[in-house]
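Okay, so here's the structure we're looking at.
The values are calculated or read from the model by the stated rules, or taken from the named source; none is laboratory data. All of these numbers come straight from a predicted model, not from anything done at the bench. Here the Cβ is made from the backbone with ideal geometry for all residues, glycine too, and neighbour counts use every protein chain on show.
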Amino acid sequence: MDSQTLYFSLELVAGSGHILNIEQRTALQTSLMILRKNYKFGRVLFWGKILGLKEDYFIAQGRGEDELKDKKNLYSFNCMDWFLLPPATNCLINEVSKAARGRFIGDPSHVYERVLRIHLEDDEEHEEVVKVSEENRLAVTIHWIDEEASVVPRGAFIKNPHGIVQMNRSFCGLSDSEARKLDSFLHFREPRNQKESILGMCELNQTIDFLDVLSDDIPKGSWSLQFECARKVCVLRSLLWLGLTFYHVPVTPHNGYIYIGNGYRNLDLNFML
Amino acid sequence: MGREELQRVFLALKQLVESQPVIQRCRLWGKILGTQSNYIVAEAECKEWEDEEEEKIGDEAAEEEEREAETREGDENEIDPLPQSTYKPPPLVPKEAMGTGANKFVYYVCKEPGLPWVKLPSVSPAQITVARQIRKFFSGRLDSPVNSYPPFPGNEGNYLRAQIARISAGTQVSPQGFFQTGEEEGDEEDEAPRDSYDVNPDFEGISVAEMVESLSTWVHHIQHILQQGRCTWVNLAVKREEDQNEDGEAEETEEEPDEPEQEVGPPLLTPLSQDAEIFNTPPWTTKMSSTLTSQHAAAVLRSNLWPGAYAYACGKKFENIYVGWGLKDVGEGYSPPLPPLPQKEYPSGPEITEAQDPSVEEEQVLEEALDEQEAEQEELDDTDEGELLDDD
């Protein structure tokens, strides 16, 4: 969620059970502003927290001009000193998915090791040791969560003719009835779905409907849409990544998402629905 | 939980206490998130326990069984009886009485503060054992069925109550020394598990630094739930014998089941340092609430087994709360239990297994072999006779 609106948006997602205490909030206010200036970000978001066994990581995300592509992630232990995370490349993702198991420890230099046996065709066994540091695992986990579970309301972001995705300054919020439908929320990631038939496309607007809709997620029902705080705030919780909460106050432009959790994908989702 | 929400919950709790005079003490247990709506759970201790309606249902069931047995006997006289299934379902573990064990507290839930509170039914051991094997989200409606394998006996209200019982047993902790066990059992041997505790009047707070460093300063103050699903163990073998004596004639003599071993759980007030690790993760994580002002900080304990369970202690005060999805973290992945193997219809043996009829060639070979044997036998007989003759 945006650092400018941090002080009241944290209250709105507190229904999920995680809050930051006052000390952390004040530290975040100042340090995020300093970060923005130092790294020259367009805006800085407090992305969330990943809970580890010994320590928790506070994650901040800085956005540049193109909100979809220019993203940089930073982590910290005390909300004051921030360290830059490496961008998640494909080979890094491969390594992490092979090697990292178990919970986050809380120590960025911890190395996860896994010995893989690869059978070659001529009956030889080749052992490969895959090592991944916790810092890389953190970067890849944040990338995955953003890919699969980041949410924005329809109309909050526009694509200008150059192809650059920017915030829509004239977004004035979804109406009450729109906020109750899962169709009005989009994934904030490179669109994966192919363009549908022309009949469907005539209702869409190219500037705002360039992202994938949440209701196309498989399995259906992996999002929980509720109205909280005396029915005023629309809260979306992801059941695939337990701990991701998105909030939106209808008829106002306030929206944002935050992830506070273990950093695990919920693989048992199909059994649980 | 946010400030506003907490305020609303507080007012709602007050309303609950005023409306139900039976409640002696009430506290906020926590919040369980669901897919369509959430539950706010309050834990209450009642002064008197209402008579359980379950007893009546139990009697009805017994009557039905007797009636069935009678009709069966009646049918036998008239027509050839259909084969009766010799399957006897394992006897149900009886529920614990209100006020003891897993049913020590009564739980009320409401969807949002302001809506009326609903009392949850008491939990039965069968529900706890099945709840241990399934993994399902809560939908937010108390009467929705729980579709799962193994089938859950009850609807979502019962599932919720079973999970609350498991979470309480696993994560309700207090600083060591805050509670002490009753002193009447000093002379008895420790067969009966201690199930009562009182607030220790001499408790002086443990320093926050110590509480954060070692887990042995925290103890569980809720009884552990055994494999059976209850907190106190019940020997089922005794009951089985009684049943057998009653229906004696129609049943074949069954082998007596081996005496089940008594299940023993860790006694009340065991320190947390004895909690087992699962999948190499320590079961608890300790923290100080603030590192900068450590004199005023509180020690915070977070459970890794039940994500969302928190406990904090600050001087003489402590509290537990749970805010989460109501599911245990089982590490790598969940695989549902497999269905049991299908029963064999009949015992297989040589009398009924089909054997292949020998083919013509095999029969000829057998005949030749038999002829050879006979020929040899005759030769032997001849030689014997020959020898006898020779001797003479």
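Does A:Ala60 satisfy the condition of being closer than 19 Å to A:Val140 by Cα and touching a Leu at 6+ places or on another chain (Cβ under 6 Å)? Yes; evaluated as a whole, the condition is true for this residue. Taking the residues in region A:1-41 that are under 20 Å from the mean Cα position of the chain (by Cα) and part of a loop (DSSP other than H, G, I, E, B) as candidates, determine which candidate is nearest to the other protein chains (Cβ to nearest Cβ). Here the residue is A:Gly17.
When residues in region A:221-253 are screened for being away from chain B (no Cβ under 11 Å) and in a loop (DSSP other than H, G, I, E, B), 7 of them pass. Pairs linking a residue in region A:180-197 that is surrounded by 14 or more Cβ atoms within 10 Å (Cβ to Cβ) to a residue that is modelled with pLDDT of 80 or more and small (Gly, Ala, Ser), with Cβ atoms under 6 Å and 6 or more positions apart or on different chains, are A:Phe188/A:Ser150.
Grab the strands (runs of 3 or more DSSP E) fully contained in region A:141-193, keeping just those with 2 or more residues being closer than 21 Å to A:Arg237 by Cα.
Values: elements: A:151-153, A:157-159, A:165-167, A:185-187.
The strands (runs of 3 or more DSSP E) meeting that bar are A:151-153, A:185-187.
If the requirement is being more than 13 Å from chain B (Cβ to nearest Cβ) and over 28 Å from A:Ser3 (Cβ atoms), which of these qualifies: A:Glu134, A:Glu65, A:Glu95? It would help to see each step written out before you state the result.
Numbers: A:Glu134 fails: over 28 Å from A:Ser3 (Cβ atoms); A:Glu65 fails: over 28 Å from A:Ser3 (Cβ atoms).
Going through A:Glu134, A:Glu65, A:Glu95 in turn, the sole match is A:Glu95.
In region B:10-40, of all residues being over 18 Å from B:Leu142 (Cα atoms) and among the small types (Gly, Ala, Ser), the one that is farthest from the other protein chains (Cβ to nearest Cβ) corresponds to B:Ser19.
For region A:132-152, name all the residues that are in contact with a helix residue (DSSP H, G or I) (Cβ under 6 Å, 6 or more places away or on another chain) and within 13 Å of A:Thr89 (Cα to Cα).
Within region A:132-152, A:Asn136, A:Arg137, A:Val140 qualify.
Whenever a residue of region B:171-188 is surrounded by 14 or more Cβ atoms within 10 Å (Cβ to Cβ), its partners that are among the hydroxyl-bearing types (Ser, Thr, Tyr) and at pLDDT below 65, lying with C-beta atoms within less than 7 angstrom and at least six residues away or across chains, give the pairs B:Phe179/B:Tyr197; B:Gln180/B:Tyr197; B:Thr181/B:Ser196; B:Thr181/B:Tyr197. Is it the case that some residue within region B:323-341 is more than 30 Å from A:Trp241 (Cβ to Cβ), modelled with pLDDT under 70, surrounded by fewer than 18 Cβ atoms within 10 Å (Cβ to Cβ) and acidic (Asp, Glu)? No - not one qualifying residue is present in region B:323-341. Looking across A:Phe210, A:Phe271, one residue alone is modelled with pLDDT under 85 and away from every other protein chain (no Cβ under 12 Å). It is A:Phe210.
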